[in-house]
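The values are calculated or read from the model by the stated rules, or taken from the named source; none is laboratory data. None of the values given here were measured: they were computed from a predicted structure. Virtual Cβ from ideal backbone geometry, glycine too; neighbours counted across all protein chains shown. All accessible areas refer to the heavy atoms of the entire protein, side chains included, with ligands and DNA or RNA removed. Shrake-Rupley method; radii C 1.70, N 1.55, O 1.52, S 1.80 Å.
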Amino acid sequence: MSKADYVYSVLLQEIRSAQIPGGTQLKAAPLAQRLGVSITPVREALRRLENDRLVSYQSHHGATVIDLSDDALFEYYNVRAVVEGLGARLAADRIGPEQLARLRERHESMVRDAADGNRDRLGEQSQDLHLAIADIGGPAFLGQHARTVRNSYPVPTDASLWLDAEHAQRHLDAHAELLDALEAGDGETAERIMIDHVRAAGTYRVGQRNSKH
């Protein structure tokens with residue numbers, strides 16, 4: 001791994017995990033010092049992040065982690081809803097008993113964590129569940145596309161709806177209904193549940209952010 005690859009991988013992970021939140025300025029010199037490299041690989045990594053549309057450059061401000069507007073967040077969650085909804089519809093026709101059993105195991109693990117108050121991992125577990133369904137529905141293309149959409153904008157850790165007990169339970173209920181629809185081979189219902197589920201997450205995200213302003 002080159003130094004530029006190293007810097008890129010570290011910053012990519014920190015942005016996607018929201019350790020570096022949207023709106024943060026990324027200055028080359030402090031980053032180089034923190035990561036133990038020269039400025040040149042940092043600048044190269046920042047340009048790659050710009051190509052990924054995770055960082056923007058402005059005159060006299062340098063690189064800044066992109067923070068989506070409310071309109072952009074609305075589009076992001078609706079794109080996710082359509083893509084993951086289609087994945088659920090297709091998965092209803094393709095899912096096998098072993099795949100369904102693994103999904104139910106993931107869901108039950110989330111239910112146990114929620115009951116024990118361990119909600120900090122629920123967001124990651126939910127993402128894994130959604131992407132597993134997309135992979136089942138569209139293994140050739142759709143699953144990877146669902147990942148690309150999600151990676152285009154990481155949800156800040158402290159903004160996860162899974163940290164709210166009431167919302168967490170509501171979305172666990174949606175997961176249970178979704179898995180029942182998949183087991184029944186009901187693609188239309190599975191798609192509707194997934195779309196409503198993802199859009200509800202978007203409504204929560206926008207509302208929560210605006211409540212802080």
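Observations
- Being open to solvent by less than 70 Å² (accessible area, probe 1.4 Å), touching a Phe, Trp or Tyr at 6+ places or on another chain (Cβ under 8 Å) and modelled with pLDDT under 90 is a condition met by at least one residue of the range 144-153.
- Exactly one residue out of 71, 128, 113 is within 17 Å of the chain's Cα centre (by Cα) and closer than 30 Å to residue 11 by Cα: that is 128.
- Note on the range 42-54: among residues that are in contact (Cβ under 8 Å) with a residue 40 or more places away in the chain and surrounded by 13 or more Cβ atoms within 10 Å (Cβ to Cβ), the one that is farthest from residue 197 (Cα to Cα) is 44.
- Residues that are open to solvent by less than 20 Å² (accessible area, probe 1.4 Å), under 26 Å from residue 17 (Cβ atoms), at pLDDT 95 or above and of a type in the set (A, V, I, L, M, F, W, C) within the range 70-123 comprise 81, 83, 88, 103, 110, listed in sequence order.
- Residue 6 meets the conditions (1) open to solvent by 70 Å² or more (accessible area, probe 1.4 Å); (2) part of a loop (DSSP other than H, G, I, E, B); (3) over 27 Å from residue 135 (Cα atoms) in every case but one. The failed one is (2).
- Single match in 129, 161, 178 (criterion: surrounded by 17 or more Cβ atoms within 10 Å (Cβ to Cβ) and under 21 Å from residue 70 (Cα atoms)): 161
- Taking the numbered list (1) open to solvent by 30 Å² or more (accessible area, probe 1.4 Å); (2) assigned to a helix (DSSP H, G or I); (3) among the acidic types (Asp, Glu) in turn, residue 67 passes all entries but (2).
- Test: residue in the range 24-41 that is touching a residue at least 60 places away in the same chain (Cβ under 8 Å) and open to solvent by 30 Å² or more (accessible area, probe 1.4 Å): no
- Members of the range 182-204 found to be part of a helix (DSSP H, G or I) and under 13 Å from residue 87 (Cα atoms), listed by number: 182, 187, 188, 189, 190, 191, 192, 193, 194, 195, 198
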